[in-house]
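Only one structure is covered here, and it is reproduced in the block below.
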Amino acid sequence: MNTQRSPWYWVPTLYFAEGIPYFVVNNISTIMFKKMGMGNADMALLTSLLYLPWLIKPFWSPFVDIIRSKRWWVLLCEVAMILLFALTSITLPRSCGSDPGIFTLTLVFFWITAFVSATHDIAADGFYMLGLTGKQQSVFVGIRSTFYRISNLFVQGALVVLAGVLENRYSDIPLSWRLTLGVVAGVWTLITLYHFWAMPRPEADVPRSGKNAAGIVRDFGRSFATFFSKPLVWVGIAVMLLYRLPEAFALKIVPAFLVDPADAGGMGLSTVNYGLINNTVGVVGIVLGGILGGIAISRAGLKKSLWPMAMALALPCAVYLWMSLYQAMPLWLVGTCIFIEQFGYGYGFTAYMLYMIYISDGEFKTSHYSICTAFMAASMMLPGMVAGFLQESMGYPLYFGFVMLCCIGSVIAVMLARRGIPSDFGRK
């Protein structure tokens, strides 16, 4: 039985895989629905509601803790998502308004994919904490963050470029996205087959207790009770809700801003150029930011790293305010702005992930971490639901000015977080 396989074999691919369905459901859907004729308000509302499975996943996370192993859950979810991506590609309608029944079916498959992906997240994050020592978790937090974000850039970069190329070749936007989602199913198949071989079988990866109903209910209640009885837990919740506030308001609107024509206040990027920028300078920025973020925390600790990382995450949103004011700029300058924003995100998000690990420490690590990621989902979902309506009423420049004001939330989050973190937490 393989219990000692190096984390380098499976941590990068596990978190690359974890990100793909999340970003397909929550991010690529925004550009896809936008290209298929949906307005910003409806697009932001519907795609933000797709966060819901990640918000409520703590209610079934104890079952992942109790029934079978985390490895078993990871592989089961990956097999299920192969089928779901294939079905979604088949059911995609001609346009968002052409056939409401078929479009509703597409949303249903997105919802099911979201629920399976949320379950995969629970199992993968639990497997990470069971398969690595505490020191290894600190070392690999930057690696897992980097590959998770690379999956975002793969989805919004390579896959969007592919959709754009197919769109230009066939002059058929729905067909281009059907074929692209079919490619996602193929890539996911390869990842799943690799994980059957690469994922180790840690001795600690066993069901927590028996499968009887009384034991499940008891452990379910204990997992919640022990989380909300942690010292400074309400401070932790506030930090998780506020740290990413500027990004939360920008996330659903930025893709629409980049592809909207100039007369609508956008940058007018083609689908191909949008994907190319994300897949080149965006990849470089996110990789450098994630790696340097992991190194910085391992040397200085999380507490000292919070201020620079929070500012790195929040302040680069200013590039979109500047772009919305000037609009006409060469592609290389657009790419530079996106590089700055992606680098800041990669650097700043590292602290957020390690903070959630800090909050989750103790009994029921898997369940507690899933509760933390539920608050992370809420921090994205709630602002995203109203983002489109605010942008349509304000216009892009005023809206991105409002996003910058949300940096106050990041400042409050850091002031709260520093109260409870040991000075050496996260340091090698």
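The values are calculated or read from the model by the stated rules, or taken from the named source; none is laboratory data. Note that the coordinates shown come from a computational prediction; the quantities given were computed from them, not determined experimentally. Cβ atoms come from the backbone with ideal geometry, glycine included; neighbour counts cover every protein chain shown. For the accessible areas, the whole protein counts, side chains as well, though only heavy atoms, and no ligand, DNA or RNA atoms are used. Shrake-Rupley method; radii C 1.70, N 1.55, O 1.52, S 1.80 Å.
Taking the Cα centre of each part, how many Å lie between region 1-46 and region 273-320?
Cα centroid of region 1-46 versus Cα centroid of region 273-320: 19 Å apart.
Give, as a single signed number, the net charge of other residues whose beta carbon lies under 15 Å from the beta carbon of Ile237, with Lys and Arg counted +1 and Asp and Glu -1.
+3
Check the straight Cα-Cα distances from Lys35 and name the aspartates and glutamates below 15 Å, setting aside those fewer than 8 residues away within the same chain.
Glu167, Asp172, Asp260
Leaving ligands, DNA and RNA out of it, work out the accessible area of Leu313 with a 1.4 Å probe and give it in Å² to the nearest 10.
Rounded to the nearest 10, the figure is 10 Å².
Please compute the net charge surrounding Met385, taking Lys and Arg as +1 and Asp and Glu as -1 over other residues with Cβ under 12 Å from its Cβ.
So the surrounding residues net to 0.
Count the net charge of all other residues whose Cβ sits under 15 Å from the Cβ of Gly282, scoring Lys and Arg as +1 and Asp and Glu as -1.
-1
Among Phe147, Gly301, Ile371, which residue has its Cα furthest toward the positive end of the charge dipole of the chain, with +1 on Lys/Arg Cβ and -1 on Asp/Glu Cβ?
Most positive-ward Cα: Gly301.
Under a Cβ-only charge scheme (Lys and Arg +1, Asp and Glu -1), can you give me the dipole magnitude of the chain about the Cα centre, in debye to the nearest 20?
Charge dipole, the chain, about its Cα centre: 1220 debye, nearest 20.
In the structure shown, do any of Lys34/Lys57; Lys70/Lys365; Lys230/Lys365; Lys57/Lys365 have a Cα-Cα gap over 19 Å, and if so which?
Lys34/Lys57
Could you put Asp172, Asp125 in order of accessible surface area, largest first, with the 1.4 Å probe and the full protein assembly present?
Asp172, Asp125
Working with all protein chains in place, sort Arg201, Arg299 by solvent-accessible area computed with a 1.4 Å probe, largest first.
Ranking Arg201, Arg299 by accessible area, largest first, yields Arg299, Arg201.
Based solely on its DSSP helices, what 222 nm [θ] is calculated for the chain when runs of n ≥ 4 H residues each add -39,500 (n - 2.57) and the sum is averaged over all residues, nearest 500 deg cm²/dmol?
-25000 deg cm²/dmol
Cα gyration tensor of region 116-166, axes a ≥ b ≥ c as square roots of the eigenvalues: rounded (a/c below 1.5), prolate (a/b > b/c) or oblate?
In terms of gyration-tensor shape, oblate.
How about Lys303: which aspartates and glutamates have a C-alpha closer than 17 Å to its C-alpha, ignoring those fewer than 8 places off in the same chain?
Asp361, Asp424
Per residue, what accessible area does the chain have, given a 1.4 Å probe and all protein chains present, in Å²?
Per residue, the chain has an accessible area of 37 Å².
For region 353-403 and region 162-190, write down the distance between their C-alpha centroids in whole Å.
Comparing the Cα centres of region 353-403 and region 162-190, I get a distance of 29 Å.
Provide Trp111, Trp188 ordered by accessible surface of protein heavy atoms (probe 1.4 Å), highest first.
Descending order: Trp111, Trp188.
Of [x] 170; [y] 214; [z] 127, which is the value of volume of the Cα convex hull per residue in Å³ derived from the coordinates here?
The value computed from this structure is option [z].
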